[in-house]
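Report on the structure given below.
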Amino acid sequence: MIAHIRGRLLSKNPNVVVVEAGGVGYELAISVPTFSGLPAVNSEVALHVHTHVREDALSLYGFLRLQEKQLFEKLIGVSGIGPKLAITILSGMESDAVVSAIRGNNTAALTRVPGIGKKTAERMVLELRDKLEQFAAAPAAAAATPLEEDVISALLNLGYQRGNVERALGKIAQYENGGGKSFDSLFRQALTNLSK
């Protein structure tokens with residue numbers, strides 16, 4: 001079982017790298033966030049590795065951050081999610097966003113990832129919701145209603161950071177139970193909180 005590899009980065013692509021360690025080149029499937037954080041080719045690199053063994057294949061999956069590897073291993077524990085789909089999920093959403101969506105029962109966010117349908121998203125929430133204690137995530141990012149998502153989107157388009165927008169919405173009274181707010185009133189209140 002290979003759990004970690006350190007060596008020279010021979011080649012890198014958005015979905016696969018080759019790392020030479022001890023004279024052997026290891027091909028590892030990677031996510032887009034890992035690709036983005038890789039050094040230049042021929043530099044030394046260290047990756048956390050998940051070794052996936054099947055009857056007909058031995059596949060290696062590499063991650064720069066240990067937390068991403070741990071989330072990957074949680075995801076492949078869900079029935080219907082294999083390693084390739086788990087890599088697609090981690091490439092399509094930031095790890096913190098995946099954790100927040102699962103904790104907050106936000107299946108709409110999960111189904112935006114290619115290959116994740118409503119049933120798979122519901123299964124992810126059901127099977128993982130109580131198994132993600134080790135992952136830190138912003139509670140405000142949990143389950144945004146469609147109205148709140150519209151407000152978040154509008155404020156992001158104005159140049160505000162998502163974390164700040166979610167905190168501003170979190171300060172609004174009746175945010176968690178809806179309170180019959182309209183888009184305009186929610187938007188104005190969030191904007192007021194952001195300008196404080």
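The values are calculated or read from the model by the stated rules, or taken from the named source; none is laboratory data. Worth saying up front: this structure is predicted, and the values here are computed from it rather than measured. Backbone-built Cβ (ideal geometry, glycine too); neighbour counts: all protein chains shown. With ligands, DNA and RNA removed, areas are computed over all heavy atoms of the protein, side chains included. Shrake-Rupley method; radii C 1.70, N 1.55, O 1.52, S 1.80 Å.
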Filter region 123-146 for residues that are exposed (fewer than 15 other Cβ atoms within 10 Å of the Cβ) and closer than 20 Å to residue 72 by Cβ; the one that is modelled with the highest pLDDT is 126
If a residue must be in a helix (DSSP H, G or I) and open to solvent by 10 Å² or more (accessible area, probe 1.4 Å), how many such residues does region 101-122 contain? 8
